[in-house]
Every structure is written in C-alpha cells, then in structure tokens.
C-alpha cells in the first residue's frame, strides 16, 4: 500500500483510453473472460460440468446393462 489516500476520486488511464470498455466488449462477444476471477469461475464450472456429465453417462450406461 502506498499510504496515500484518495477520497471519492481516482484516475484510471486504462478507462481514459477505453481499454476497460474494449475488454468488456470482447469478453461479452467471445464468451472468454478477461479477468482472473472470471477465468477461474469459467474453468471451475467446466470441470464440475465434465465430472457430472461423466457420472451421468456412467450411471445410464450401467443402468441399461441391468435392464432397468
């Protein structure tokens, strides 16, 4: 931390140049998140979906062999 406090005003050169807005538009259009937390959320969701789909496939595969 720098120790310098700003109250109610901060300047972002990325927002001033439009980089933040461009990243948001890109993420919305492509579906690929550009933030670390967004990438972690998407990766976690993909892993969980893959695991549950695998178990679902296995359950139905075993169920069909027993004649149920």
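The values are calculated or read from the model by the stated rules, or taken from the named source; none is laboratory data. Source: prediction; values computed, not measured. All Cβ positions, even for glycine, are placed from backbone atoms using ideal geometry, and neighbour counts span all protein chains on display.
Using the structure shown, decide if residue 45 is at pLDDT 90 or above, exposed (fewer than 10 other Cβ atoms within 10 Å of the Cβ), under 13 Å from the mean Cα position of the chain (by Cα) and assigned to a helix (DSSP H, G or I).
Numbers: at pLDDT 90 or above: yes; exposed (fewer than 10 other Cβ atoms within 10 Å of the Cβ): no; under 13 Å from the mean Cα position of the chain (by Cα): yes; assigned to a helix (DSSP H, G or I): yes.
Taking the combined requirement at face value, the residue does not satisfy it.
Taking interchain pairs and intrachain pairs at least six residues apart, which have beta carbon atoms under 8 angstrom, with the first residue in the range 28-54 and on the phi > 0 side of the Ramachandran plot and without any contact (Cβ under 8 Å) to a residue 60 or more places away in the chain and the second assigned to a helix (DSSP H, G or I) and surrounded by 11 or more Cβ atoms within 10 Å (Cβ to Cβ)?
Going by the 8 Å Cβ cut-off, there are no qualifying pairs.
Would you check if residue 29 is loosely packed, with under 10 Cβ neighbours inside 10 Å, out of contact with any helix residue (DSSP H, G or I) (no Cβ under 8 Å at 6 or more places or on another chain), at pLDDT 90 or above and part of a helix (DSSP H, G or I)? Before you say what the answer is, go through the steps one by one.
Values: loosely packed, with under 10 Cβ neighbours inside 10 Å: yes; out of contact with any helix residue (DSSP H, G or I) (no Cβ under 8 Å at 6 or more places or on another chain): yes; at pLDDT 90 or above: yes; part of a helix (DSSP H, G or I): yes.
Answer is yes for this residue.
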